Amino acid sequence: MSERIPVVKTPKVYVGGAFIRSESGRTFPVYDNGGQFVANVPQCTRKDIRNAVEAAAKAGPGWAARTPYNRGQIIYRLAEMLESRADEMTGVLRQFAPAWTSAAEQEVAATVDRLVHYAGWADKYEQVLGSANPVAAPFFNFTLTEPVGVVGIIASDAAPLLGLVTQAAAAIVSGNTVIALASEAMPYPAITLGEMLATSDLPAGVMNILTGYRKELIPTFATHTHIRGIDAVATGDDATSLRRGAADSVKRVKVREPDIDWSAESNESVYEIRSFVEFKTVWHPIGA
Amino acid sequence: MEPTRLRTTSPTQLGVTSMAVTLDPSERDSESRDQKDQKDHKKKSGRKQGVPELIFGDLWQYDPAPETADPRIRARYDLFIGGRFIAPQSGDYFASINPATEETVTEIALASPADVDSAYIAAQMAYETVWRKMPGRERGKYIYRIARLLQDRAREFAVAESIDGGKPIHESRDFDVPMAAAHFFYHAGWADKLAYVAPGRTVNPIGVVGQVIPWNFPLLMLSWKIAPALAAGNCVVLKPAETTSATAMKFAELLQEAELPDGVVNIVTGAGETGAALTGHPAARKIAFTGSTEVGKLIMRQLAERGTRMTMELGGKAANIVFEDSPIDQAVEGVVNGIFFNQGHVCCGGSRLLVQESIADSFVHKLQQRMESLRVGDPLDKNTDIGAINSREQLDKICGLVESGVAEGARLYQPSCSLPSRGFFFRPTLFTEVTQSHRIAREEIFGPVLSILTFRTMNEAIEKANNTMYGLSAGVWTDKGSRILRMAAELKAGVVWANTFNKFDPASPFGGYKESGFGREGGRQGLLDYVELA
Amino acid sequence: MSKHSIVEDFGTVDRVGIEERVAKFTTRSIKKKSKLWGLHTAVSMVDLTTLEGKDTPGKVASLCQKARQPSDDPSIPSVAAVCIYPSLIREARKHLADSPIKIASVATAFPSGQSSLKVRLQEVKYAVNAGADEIDMVINRGLFLAGEYDAVQDEISAVVEATGDATLKVILEVAELETYDNIRAASFIAMQVLRAGDFIKTSTGKAGSSATLANTQVMLEAIRDFYLDTGIAIGMKPAGGIKTAKQALHYLVAVKETLGDAWLNSSRYRFGASSLLNDLLRQIHKEKYGAYQAPYYFSDAAGSY
């Protein structure tokens, strides 16, 4: 009996609910821990970003209009999908991350729990961030939050799964939609995450994941005026140019250091959600 | 038209079969039938003289549409203590019947004070050794499991609820069970976020809490009690109502499927004696009670010496206030939904309609029309709107109060729907010409009976609405936003529904003023009642 | 009634409330004999429609034959009417001369209505002279949204006159009116100048959206209130968007529970539809003989898969 030849997966990025290659057709190779070639991953372009923003903008109104309970259930189901395929994801992390063994299992478990945590915020953060305001006049005055819209994410290399999911979950729980640039050094976990997104009931376009080179793509993230906020793991010149580009469209920019501890509980907070919501205050007379 | 006398025979024969109340011709404007007449729609009354009434007859009958899913109810249930089903020490069981057929559904264990004691011991053990030590995020995941399992087995639980308690299957299927699952889902997410519940203070669980729930929304009331208690880190001893214990015991089985640690939730079944043992037990650091104001007061007296923490969710006599500028048909729907939903077995039910005098006649006429298409019957028929009254006892109480209404001179109306020949049923009923002095305007009937009063001005409406010892809920119907907000500010009620009624959500705090109780369930405010502030 | 508040004149509708009400209609469970009665009745209420730029005499001939004999099952009634463009009325008459099936024609510059009143009225007269039994007109939405309610009503009156003895159906084009308050007001504005036996209708089927249970309910409630106020019974026709038998049954539940028995027939209720008919036939077949049917078992079915 001859040995069975395995079928190798072609990695594609998850945009608008579909798995696609880059519009440029370009790819770059990824190698595993032992230096073995694994696959060619799409090398996305600014046009891919443009298309992903279109998809995210299209999905936005529907996602924001869902009940908070519904959004919470969907994010919880994403946790279910990841948990049920924990072995696969752990294997992916081990395959690519240098010298990781039990850390991979921990990262997957922490990611599932992080999703459960943010799922649970969906129908609660309003009760913490919003308020009824006691103004000195006969008006009912209340402050509500609203998602900002399309949010761009530049993901971490150190925690290619946990970091990306933390940034994304905090953004989408309130009704934002997301375009994420996966870790450049380790894009494969994000590719696998895309498959789990597709089976989680998350509507197409709510979360879109691109792979490619940071230097090439960050400028477009920074200057695309339809991206209303950016959550980036960046430092030094990268961070500065991000902020400069963002200034042109008055984006909200959140920059995180590359060496933060993603597993710390401080990453689970309503204030992560606050970064990408608007506050709207409404007045209405109280009378006859 | 003479007030109709009720015959004091079998409950199922109750009620008059009068059609829509027609106004005396002399009361109507005489109108010419010209173009202008056709165009003038600011009518005070509901119907032009001589126009035939609409026919809601049997041209197109809905055939029986029984729900056939298996409720998987056991022949007998033991007590659920320490994660296991344990026989009651006395060896006694009592029958739980289906109020639509009067047949036995299952046998329920009768818990003695000794059993209640075992339950509290199990709860304390679980609290000290497992639950208080568990991080919030892990506790939360158990509660999420419960929510998901309840969603999986939703249809089964819905059928069981209808069989045991009498409510229509489309309500238990579309409201009770999904809402119960939602309560677990919502509260699961608070378990690891308690730091946000009380800004400025640290929160700790209370410890072991005792809970007693009523028969009107058995599974839902169970979820309202257990979900926040567990999320906050407490352990529970709960008694369901004696006429509706089946879904609580099925829930206990579900807890085993969820692998909830033993003793975190304990369910003891029984009636008044069991309840008194539960509320009076020294290990209970808090008692949560939902039920009648009368029993609530008994418990408060019982706990007076010890000073145990309590929350009370008691009776109500809500005013549903309809102004002339309201969206009329939706207001009619809201009024109907407010008092006939769940056979009127709703503490926050809109049992008083306060309608502005200028539209009173036409509004009542529309109500009567709407009532013509309400279907009373077999709870398991998917087309039934109004199911069985929960017990003979409750039916007798409703009949008694309705008789008093007639005797005191209010005018009764019931549509002409047929009733099943056995079981406990009552037609939807409305009384007009009711004043605040009538018993039917002041006492909680807890049945499908609406008392209708009128008002002229907003201030009068406020006075009448607040003229009660209860204060659970109120409804306001008007097109004017500022009026809604003023009414909401003035109404002494814990829940105000504007241009809607009977809306519930786990995120929305619920509870009453005055003799409707104290404490809240749902939302952040509800969680505060299950924690200690450090 | 100049530029009054239409809310003051006709009342207001709460969107959330009415949508909850109609959702309850969809939970009614209609089975067996009850279902068959509903399906048969729905067939008898269909205005079988073709309103395409590419309609030809051949298309209309085929439509008329389908209208007369929807299926080989003789117990299944014929439809109420065919609904076509005016230029094809004569063709329809050839095939329906000896039949009780009505010929309904659109007129008044359907679907937009954007033409002079004179031209619109001429078209109505043309259709009536060609042999139309029923006229489906469109109201002037531009005038309505500008608040010119008297003018809207005057135009409808003029069309009533031009229609003569034929039955008039007034299309409100609910999608363009947008709010339920507007739909209720437009219903009354039309009914006030209609005759018993005329209809109000939801849509042309050519705008973005068409009949829904909710916008239809607004109109049913207006019909009911108008009837009780005046004794004049106006009919209802939801059109567009009703494709399945299941939907049709929901619409009939709405009629049963809002207007009652007297409206459950084709002189007071119609479905403006085309593919609905075959779905009704499929479900009737399943009810009678037990097996679900493929679409291509029924004449004039689209889709071959």
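The values are calculated or read from the model by the stated rules, or taken from the named source; none is laboratory data. Keep in mind it's a predicted model, so treat the numbers as computed, not measured. No Cβ is skipped: glycine too gets one built from the backbone with ideal geometry, and neighbour counts run over all protein chains shown.
Summary table
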| quantity | calculated |
| --- | --- |
| Qualifying residue in segment B:99-113 (condition: within 30 Å of C:ARG28 (Cβ to Cβ), of a type outside the set (A, V, I, L, M) and surrounded by 20 or more Cβ atoms within 10 Å (Cβ to Cβ)) | yes |
| Flag for A:ALA109 being in contact (Cβ under 8 Å) with a residue 12 or more places away in the chain, within 14 Å of another protein chain (Cβ to nearest Cβ) and surrounded by fewer than 19 Cβ atoms within 10 Å (Cβ to Cβ) | yes |
| Unique match (being over 24 Å from C:GLN217 (Cα atoms) and acidic (Asp, Glu)) among C:GLU176, C:GLU155 | C:GLU155 |
| Selection from segment B:228-245 of residues that are over 18 Å from the mean Cα position of the chain (by Cα) and of a type in the set (A, V, I, L, M, F, W, C) | B:ALA229, B:LEU230, B:ALA231, B:ALA232, B:CYS235, B:VAL236, B:VAL237, B:LEU238 |
| Residues of segment B:94-150 that turn out to be closer than 26 Å to B:ARG74 by Cα and not in a helix (DSSP H, G or I), as a count | 19 |
| Some residue of segment B:348-364 being surrounded by fewer than 24 Cβ atoms within 10 Å (Cβ to Cβ), in contact (Cβ under 8 Å) with a residue 12 or more places away in the chain and within 20 Å of B:PHE504 (Cα to Cα) | no |
| Those residues of segment A:187-236 which are acidic (Asp, Glu) and under 15 Å from the mean Cα position of the chain (by Cα), in sequence order | A:GLU195, A:ASP231 |
| Listing of helices (runs of 4 or more DSSP H) fully contained in segment B:430-508 that carry 2 or more residues being away from chain A (no Cβ under 13 Å) | B:439-442, B:458-466 |
| Test result for C:LYS206, within 21 Å of C:SER112 (Cα to Cα), charged (D, E, K, R), surrounded by fewer than 23 Cβ atoms within 10 Å (Cβ to Cβ) and touching a residue at least 60 places away in the same chain (Cβ under 8 Å) | yes |
| Cβ-Cβ under 8 Å pairs, at least 6 apart or on other chains, segment C:182-203 side on the phi > 0 side of the Ramachandran plot and modelled with pLDDT of 95 or more, far side part of a loop (DSSP other than H, G, I, E, B) and hydroxyl-bearing (Ser, Thr, Tyr) | C:GLY197/C:SER267 |
| Lone unmet requirement of (1) within 21 Å of the chain's Cα centre (by Cα); (2) free of Cβ contacts under 8 Å to residues at least 60 places away in the same chain for C:LEU51 | (2) |
| Qualifying residue in segment C:27-42 (condition: more than 14 Å from chain B (Cβ to nearest Cβ) and under 20 Å from C:GLY241 (Cβ atoms)) | no |
| C:TYR292 being within 24 Å of C:GLU52 (Cβ to Cβ), among the aromatic types (Phe, Trp, Tyr) and free of Cβ contacts under 8 Å to residues at least 12 places away in the same chain | no |
| Test: residue in segment B:283-291 that is out of contact with any strand residue (DSSP E or B) (no Cβ under 6 Å at 6 or more places or on another chain) and hydroxyl-bearing (Ser, Thr, Tyr) | no |
| 2 or more residues within 14 Å of chain B (Cβ to nearest Cβ) and surrounded by fewer than 16 Cβ atoms within 10 Å (Cβ to Cβ): qualifying helices (runs of 4 or more DSSP H) within segment A:210-275 | A:270-274 |
| Close pairs (6 angstrom Cβ cut-off, 6 or more residues apart or separate chains): within 8 Å of chain C (Cβ to nearest Cβ) and exposed (fewer than 14 other Cβ atoms within 10 Å of the Cβ) in segment B:34-63, part of a loop (DSSP other than H, G, I, E, B) and at pLDDT 90 or above anywhere | none |
| Failed item in (1) away from every other protein chain (no Cβ under 14 Å); (2) modelled with pLDDT of 95 or more; (3) part of a loop (DSSP other than H, G, I, E, B); (4) crowded, with 24+ Cβ neighbours inside 10 Å, with B:SER326 passing the rest | (1) |
| Filter result (more than 11 Å from chain A (Cβ to nearest Cβ) and touching a Gly at 6+ places or on another chain (Cβ under 8 Å)) within segment B:184-200 | B:LEU194 |
| Residue list for segment B:216-269, filter: out of contact with any strand residue (DSSP E or B) (no Cβ under 6 Å at 6 or more places or on another chain) and among the basic types (Lys, Arg) | B:LYS250 |
| Among the candidates A:GLU146, A:GLU184, residue that is surrounded by fewer than 24 Cβ atoms within 10 Å (Cβ to Cβ) and free of Cβ contacts under 8 Å to residues at least 40 places away in the same chain | A:GLU184 |
| Criterion (aliphatic (A, V, I, L, M), within 20 Å of B:GLU521 (Cβ to Cβ) and buried (at least 24 other Cβ atoms within 10 Å of the Cβ)) met by exactly one of B:ILE143, B:ILE206 | B:ILE143 |
| Count of residues meeting criterion [out of contact with any strand residue (DSSP E or B) (no Cβ under 9 Å at 6 or more places or on another chain) and over 24 Å from B:PHE56 (Cβ atoms)] in segment B:359-411 | 14 |
| Residue list for segment B:337-358, restricted to those being more than 10 Å from chain C (Cβ to nearest Cβ), in a helix (DSSP H, G or I) and under 21 Å from the mean Cα position of the chain (by Cα) | B:GLY338, B:ILE339, B:PHE340, B:PHE341, B:ASN342, B:GLN343, B:GLY344 |
| Subset of segment B:359-385 [in a helix (DSSP H, G or I) and either at the interface with chain C (Cβ under 9 Å from one of its Cβ atoms) or not aliphatic (A, V, I, L, M) (or both)] | B:ASP361, B:SER362, B:PHE363, B:HIS365, B:LYS366, B:GLN368, B:GLN369, B:ARG370, B:GLU372 |
| Qualifying residue in segment A:77-84 (condition: away from every other protein chain (no Cβ under 14 Å) and of a type in the set (S, T, N, Q)) | no |
